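Peer 1: Encoded as structure tokens, here's the structure I'll be asking about.
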Amino acid sequence: MQNQEEINRLKNIVQDLLDEAKSQGATAAEAGLSQENGLSVSARLGDVETIEHHCGQGLGITVYFGQHKGSSSTSDLSPASIKEAVSAACSIARYTNEDKYSGLPEKERLATDFPDLDLNHPWDLSVDAAIELAIECEDAEISNSEGASVNTHQGIHVMGNSLGFLQGYQSTRHSLSCSVLAQRGESMQRDYWYSVSRNAQNLESAVSIGNKAAERALRRLEGRSLSTRQCPVLYSSEIASGLLSSFIGAISGGNLYRKSSFLLDAIDTQVFPEFIHIHEQPHLIGALGSSAYDGEGVATHARDIVSDGILRSYVLSTYSARKLGLQSTGNAGGVRNLTIDPSDLDFQGMLKLLGTGLLVTELMGQGINIVTGDYSRGAAGFWVENGEIQYPVEEITIAGNLKDMLKNIVAVGNDIEYRGNVRTGSILVEQMSIAGE
């Protein structure tokens with residue numbers, strides 16, 4: 001009950017702001033208000049390194065005078081400060097150029113159904129208990145460590161606009177992580193593992209996280225380079241999401257209307273093999289990316305982005321949709337619980353399908369040209385022969401073109417990564433260029 005009372009209090013603040021914008025002459029306005037608090041504790045080699053309590057709030061306001069736009073923000077929620085923030089936004093709007101594509105979403109596209117998505121699970125964690133968890137992470141077969149951390153977060157988010165939309169919800173996000181160092185002779189490697197969830201009860205145990213971090217670091221010792229070659233590449237599930245994120249970037253409105261995407265005019269064309277199905281699931285119960293509405297209040301819906309390998313829809317906010325002569329897809333702020341359907345192959349099955357080639361478990365650098373699709377990243381991982389891991393690999397570069405890489409996906413594993421907003425298993429690409437020694 002207390003939580004709902006706080007949401008209602010913040011809603012009243014947003015409504016007062018919208019009323020103030022109208023009284024100052026704005027023809028339309030929208031506002032978002034966030035209040036957040038949390039605890040972060042880190043430890044290294046049994047000693048506490050940091051203890052941080054987080055507590056903050058912020059209010060953003062955007063006003064329109066016709067199609068002239070101005071924005072401002074404040075962390076002070078007093079009536080005087082809110083009035084000043086509105087005045088600042090109105091002053092900016094009066095001096096900006098008119099943009100015929102700017103403005104609030106169409107009213108009929110705003111969310112009207114607000115299911116309980118089970119996003120709020122406060123973790124009543126004391127500082128002492130958090131310290132114990134962090135140290136327990138490191139106790140798991142670890143002789144040297146870069147540290148372990150425990151984080152809790154709870155926030156209230158309220159947004160409203162002058163079309164009558166005014167909603168708020170609470171959410172939580174908790175995590176445990178550990179980064180370790182392993183050494184054998186002259187060879188030293190670091191690796192990590194983490195767990196994240198809205199509900200602390202769903203986190204992996206501290207011991208499990210520490211063990212996985214240690215195992216991952218140990219298996220990378222005495223890595224070798226490779227000679228330059230062409231071979232199949234298997235992206236492990238924890239980094240395969242990057243491939244899908246690059247694809248989403250290429251079909252996002254901003255890159256499309258700027259004509260800076262290798263997938264311009266690709267709607268209704270084959271961009272993946274026929275077995276690929278990529279879709280959004282924004283209403284999944286308890287998931288990290290779930291929301292009933294996007295960053296503008298537009299309703300989110302479960303929808304196909306790719307089916308039968310064919311691109312069915314772009315990823316658009318209201319503004320980018322208007323620039324393209326289309327309708328918002330409810331993606332202001334990005335995609336939500338993006339999912340690529342897996343095959344029935346587990347990770348071992350994916351290794352067998354790879355046969356002889358490269359398993360990539362880490363990527364470095366930002367060598368992706370979204371305009372041309374050219375792709376070149378520093379990489380580390382393992383050389384695989386006959387479906388069996390042979391030895392660790394480091395100091396190599398993998399390269400290709402995203403358009404070809406997406407079309408040449410061989411399979412997607414069922415070893416699905418759930419720790420983020422993109423849900424994918426390991427992804428096998430038929431062939432890429434490896435640059436090494």
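The values are calculated or read from the model by the stated rules, or taken from the named source; none is laboratory data. Source: prediction; values computed, not measured. With ideal geometry, Cβ positions are generated from the backbone for all residues, glycine too; neighbour counts draw on all protein chains shown. All accessible areas refer to the heavy atoms of the entire protein, side chains included, with ligands and DNA or RNA removed. Shrake-Rupley method; radii C 1.70, N 1.55, O 1.52, S 1.80 Å.
Peer 1: Here's a check for you: in region 262-283, which residue that is assigned to a loop (DSSP other than H, G, I, E, B) and open to solvent by less than 30 Å² (accessible area, probe 1.4 Å) is farthest from residue 374 (Cα to Cα)?
Peer 2: Checked region 262-283; the qualifying residue farthest from residue 374 (Cα to Cα) is 282.
Peer 1: I've got another one for you. Among 370, 389, 396, which is the only one that is part of a strand (DSSP E or B) and in contact with a Ser or Thr (Cβ under 7 Å, 6 or more places away or on another chain)?
Peer 2: 396
Peer 1: Among the residues of region 162-174, are any within 23 Å of residue 50 (Cα to Cα) and open to solvent by 10 Å² or more (accessible area, probe 1.4 Å)?
Peer 2: Yes, region 162-174 contains a residue that is within 23 Å of residue 50 (Cα to Cα) and open to solvent by 10 Å² or more (accessible area, probe 1.4 Å).
Peer 1: Test of understanding: among 56, 32, which residue is over 30 Å from residue 180 (Cα atoms), touching a residue at least 24 places away in the same chain (Cβ under 8 Å) and under 25 Å from the mean Cα position of the chain (by Cα)?
Peer 2: When all the criteria are applied, what remains is 32.
Peer 1: All but one of (1) assigned to a strand (DSSP E or B); (2) under 30 Å from residue 126 (Cβ atoms) hold for residue 3; state the number of the condition that does not hold.
Peer 2: Of the numbered conditions (1) assigned to a strand (DSSP E or B); (2) under 30 Å from residue 126 (Cβ atoms), the odd one out for residue 3 is (1).
Peer 1: Continuing with the same structure: Give the residue, chosen from 191, 139, that is of a type in the set (D, E, K, R) and within 26 Å of the chain's Cα centre (by Cα).
Peer 2: None of the others qualify; the one that does is 191.
Peer 1: Restricting to region 59-100, and then to whatever is under 31 Å from the mean Cα position of the chain (by Cα) and among the polar types (S, T, N, Q), can you tell me which residue is surrounded by the most Cβ atoms within 10 Å (Cβ to Cβ)?
Peer 2: 62
Peer 1: Just one of 393, 360, 412 is open to solvent by less than 10 Å² (accessible area, probe 1.4 Å) and in contact with a Pro (Cβ under 8 Å, 6 or more places away or on another chain); which is it? Write out each step before concluding.
Peer 2: Values: 393 fails: in contact with a Pro (Cβ under 8 Å, 6 or more places away or on another chain); 360 fails: in contact with a Pro (Cβ under 8 Å, 6 or more places away or on another chain).
When all the criteria are applied, what remains is 412.
Peer 1: Name the residues in region 318-357 that are surrounded by 16 or more Cβ atoms within 10 Å (Cβ to Cβ), over 24 Å from residue 287 (Cβ atoms) and touching a helix residue (DSSP H, G or I) at 6+ places or on another chain (Cβ under 7 Å), would you?
Peer 2: Within region 318-357, 320, 321, 323 qualify.
Peer 1: Of the residues 164, 168, 155, 160, which is under 29 Å from residue 104 (Cβ atoms) and either among the charged types (D, E, K, R) or outside any strand (DSSP E or B) (or both)? Step through it out loud before you land on a result.
Peer 2: Numbers: 168 fails: either among the charged types (D, E, K, R) or outside any strand (DSSP E or B) (or both); 155 fails: either among the charged types (D, E, K, R) or outside any strand (DSSP E or B) (or both); 160 fails: either among the charged types (D, E, K, R) or outside any strand (DSSP E or B) (or both).
Criteria check complete, one pass: 164.
Peer 1: Also, quick follow-up: Within region 194-224, how many residues are open to solvent by 30 Å² or more (accessible area, probe 1.4 Å) and not hydroxyl-bearing (Ser, Thr, Tyr)?
Peer 2: 13
Peer 1: If you check 43, 26, 21, which single one turns out to be surrounded by 14 or more Cβ atoms within 10 Å (Cβ to Cβ) and either part of a strand (DSSP E or B) or on the phi > 0 side of the Ramachandran plot (or both)? Walk me through how you get there before you give the answer.
Peer 2: Numbers: 26 fails: either part of a strand (DSSP E or B) or on the phi > 0 side of the Ramachandran plot (or both); 21 fails: either part of a strand (DSSP E or B) or on the phi > 0 side of the Ramachandran plot (or both).
Selected residue: 43, the only one of 43, 26, 21 that is surrounded by 14 or more Cβ atoms within 10 Å (Cβ to Cβ) and either part of a strand (DSSP E or B) or on the phi > 0 side of the Ramachandran plot (or both).
Peer 1: Just a yes or no: is a residue in region 176-191 out of contact with any Gly (no Cβ under 8 Å at 6 or more places or on another chain), modelled with pLDDT of 95 or more and within 29 Å of residue 363 (Cα to Cα)?
Peer 2: Yes, region 176-191 has at least one match.
Yes/no per residue for (1) in a strand (DSSP E or B); (2) among the small types (Gly, Ala, Ser); (3) on the phi > 0 side of the Ramachandran plot; (4) touching a strand residue (DSSP E or B) at 6+ places or on another chain (Cβ under 6 Å):
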| site | (1), (2), (3), (4) |
| --- | --- |
| 215 | no, no, no, no |
| 221 | no, no, no, yes |
| 247 | no, no, no, no |
| 259 | no, no, yes, no |
| 285 | no, no, no, no |
| 288 | no, no, no, no |
| 304 | yes, no, no, yes |
| 313 | no, yes, no, yes |
